[in-house]
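Have a look at the structure below before the remarks.
The values are calculated or read from the model by the stated rules, or taken from the named source; none is laboratory data. Remember, predicted model here, so these are calculated numbers, not experimental data. No Cβ is skipped: glycine too gets one built from the backbone with ideal geometry, and neighbour counts run over all protein chains shown.
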Amino acid sequence: MLPLDDFDRSRYDWQLAVTGFSEEGQRRLKNASVLVSRIGGVGGMVALQLAAAGVGRLVLAHGGNLRTDDLNRQILMSDAGIGCSRVEQAAARLRAINPNVVVETAAENMSAANAPRLVATVDAVASCAPRFEERLAMNAAAVVQGKPMVDAAMYDMDLQLLIVRPGRTACLACLFPEPPGAWKRKFPVFGAVAATVGCMAAMELIKILAGFGEPLENQMLVGDMTNLGFRKVRIRRRPHCSVCQSSPPSLRQDEVR
């Protein structure tokens, strides 16, 4: 593993003082890699915070070019890039923020066809796609390969966060065996709501990779930004889940304080 050098200690000086983190945690981040898909309102914030924290390698997956109506939430983009590749703009911005982070790109959205290949190249996965088909494809690949995954989602003023630790927690398919309902590309979103759940997802990944704190396991965080109401919903692995082939039931909605 790559050691920390004096530049690392200087750059990350303030976070090295975080309780339970230490130089060992920073060294782990430096040697870690994360796949982020997609890098829009949610995933863009995840990628930005991981780069700022010093995660050594990021793989960004997102197809298509930037549209004008993306700009209220996709913070790694700019007006000058309208009509150009989203993923290349995001990569350039992250390299400018932290030149020591290796940023690789895949100009494609996740699917059952490409998820195994892309997940195989990293240590952990940030699932930030709006479409359930993409999220379930990432979940399946992460479970098969034993990689931790943080699934972050939002709609309107609502947000939710789930951690998948293969063999230890429920997976996304335990809760959603099939994609729920029809999906429309355009949905109500404030950038601030997307960024909020993105920051939370980034912090969970940092805790998992650095080995400190208490990641959100066997619970799903649900938030309503209209009144800043948050609760944790206990979840259990579903028997006969087609992805993780796990045991006992159910989604039990009780608050965890």
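Per-residue answers, yes or no, for (1) of a type outside the set (A, V, I, L, M); (2) modelled with pLDDT of 95 or more:
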residue: G223; (1), (2): yes, yes
residue: V233; (1), (2): no, yes
residue: Q245; (1), (2): yes, no
residue: S250; (1), (2): yes, no
residue: E255; (1), (2): yes, no
Taking R27, is it surrounded by 16 or more Cβ atoms within 10 Å (Cβ to Cβ), farther than 23 Å from A152 by Cα and of a type outside the set (A, V, I, L, M, F, W, C)? yes
Among the residues of the stretch 78-96, is there at least one that is closer than 18 Å to V143 by Cβ and either modelled with pLDDT of 95 or more or touching a His at 6+ places or on another chain (Cβ under 7 Å) (or both)? no
What number of residues within the stretch 172-201 satisfy the criterion of being outside any helix (DSSP H, G or I) and not basic (K, R)? 12
Pairs, please: C-beta under 9 Å, at least 6 apart or cross-chain, first residue under 16 Å from F132 (Cβ atoms) and modelled with pLDDT of 90 or more and in the stretch 172-197, second loosely packed, with under 14 Cβ neighbours inside 10 Å and not hydroxyl-bearing (S, T, Y)? C174/L251; L175/L251
Any chance the stretch 199-206 includes a residue that's closer than 16 Å to Q74 by Cβ, in contact with a strand residue (DSSP E or B) (Cβ under 9 Å, 6 or more places away or on another chain), surrounded by fewer than 19 Cβ atoms within 10 Å (Cβ to Cβ) and not charged (D, E, K, R)? no
